[in-house]
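Derivation of every value follows stated rules applied to the coordinates shown; laboratory data play no part. Nothing here was measured: the structure is a model prediction, and the numbers come from that model. With ideal geometry, Cβ positions are generated from the backbone for all residues, glycine too; neighbour counts draw on all protein chains shown.
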Amino acid sequence: MPAPSFCLFDTAIGRMAIAWNDHAIVHVQLPEADPDATRASLLARLPDAHAGTPPQEIRAAIHRIRGLLRGRPDDLADLPLDWDRVTPFERQVYEFLRTIGPGQTTTYGAIASALGRPGAARAVGRALGVNPFAPIVPCHRVLAAGGRPGGFSAGGGVATKLHMLAIEKEGADATANPVADGRIGTDRSAGSQIGAPAAATDVARGHAEPATTGAGDDRHDDDGHDEAMMEQAIALAQRAAARDEVPVGAVVVCDGEVIGRGFNRTVGRHDPTAHAEIIALRAAARRLGNHRLVGCELYVTLEPCAMCAGAIQHARIRRLVYGAADPKTGACGSVVDLFAERRLNHHTKVRGGVMAARCGAILSGFFALRRN
Ligand SMILES: [Zn+2]
């Protein structure tokens, strides 16, 4: 077969690439961190491709891909794709997925069942991991079980996936580009403390304090994930203590990846709202280019107050995990339980008491030092 041609093109989520032959689209490359990386990713898949000028049909396809990524509901289902480089099973998965239109989602398991292979969800996931046609074959519309975002192999990872879904649901106008803006910590009100990665964490599995399970817990932590994330929140709390702020730290996690960090800054910033959770939520929302953090988890070392509980609910956080209880202002059951109020909360499950003794010791140590 003749070598394909390719070109780069700009979209609302960054610069993409498309490759074609004389009858169909051979490859579409989602944005990587920069255009050189996008080109390199395409050439890694198509080493024989060479730069070219797109013919009319490809220009039309580019126009429609751009439209989709600006929020225009176009299923792109009629664009011709070249199947020569995919396996028969991959082709089945991709052709089925093209029936899932903008704004809809499905799951790996549902695709497997639809293809008559229930139990092949992992094989579906592998096929989507090498999908050469995103977003024409819309692998961003495939979620893991339980509404979790699942994986995404394109640049920007799962943040890009959630960004694309958000565009389809709400339009692209107000959203930032999480790929070009792939760093955390551009929030002016939060400033430098979220810019740097958290101190290296030495995740000690099995080191966790006994956890008391809060109301609404949706799973028992059997893989150390909650403890690993809480370690990051603890490291942030220690940075607050170093600045003479009440040591509370928080991270927002999207499919296992930390996408927002914060620690308490109320004194230094003269800001009564600068709680760790608020700062972490702001950073995560900027990172995703979306005020809703659907599917995300928030980890915080101290039971959230009423303000933060409200913000967590506004953000549609899927799951809240906190460490120590706060008998003075805790809004997850210690003083009030805003998450048990079904008229307010439909989204957030809560698990409390994770590494509670360590989280609490940081606070009590801080106040003991202050008294001296
Ligand atoms: Zn708070």
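Things worth noting here:
- For L81, distant residues with modelled amide H under 5 Å away: I25
- Relative to the Cα centre, the charge distribution of the stretch 235-365, modelled as +1 at Lys and Arg Cβ and -1 at Asp and Glu Cβ, gives a dipole magnitude of about 320 debye.
- Bridge orientation summary for the chain: considering DSSP beta bridges with both residues in this region, about 65 percent are antiparallel.
- Segments 5-18, 355-368 sorted - mean Cβ within 10 Å per residue, highest first: 5-18, 355-368
- When the chain is treated as a Gaussian network with alpha carbon springs shorter than 10 Å, the biggest mean-square fluctuation among C254, C305, C139 belongs to C305.
- Stretching A145 away from A242 to a fully extended chain increases their span by 30.9 nm, per 0.36 nm per residue minus the current alpha-carbon distance.
- Relative contact order computed over the chain (Cα-Cα under 8 Å; 6+ residues apart), in percent: 12
- The stretch 87-104 versus the stretch 303-372: alpha-carbon centroid distance in Å: 42
- Listed by chain and number, the lysines whose alpha-carbon sits under 16 Å from that of K169, ignoring those within fewer than 8 places in the same chain, are K161.
- FRET efficiency, V267 to A340 (Cβ-Cβ, R0 56 Å, nearest 0.05): 0.95
- For the stretch 1-39 versus the stretch 253-288, the spacing of their alpha-carbon centroids is 36 Å.
- Rounded to the nearest 500, the 222 nm mean residue ellipticity of the chain from helices alone is -10000 deg cm²/dmol, with -39,500 (n - 2.57) taken per DSSP H run of at least 4 residues.
- Paramagnetic reach from A306 in the stretch 267-294 [backbone N under 16 Å; point 7 Å along Cα→Cβ]: 273
- FRET efficiency for the pair F367 and K169, taken as 1/(1 + (r/R0)^6) with r the Cβ-Cβ distance and R0 = 51 Å, rounds to 0.70.
- HN-Hα J in Hz across the stretch 291-305 - Karplus 6.51, -1.76, 1.60, θ = phi - 60°, x for Gly and Pro: 6, 9, 10, 4, x, 8, 10, 10, 10, 9, 6, 10, 3, x, 7
- A full extension of the chain between E57 and R45 corresponds to an added length of 2.1 nm, given 0.36 nm per residue minus the alpha carbon distance.
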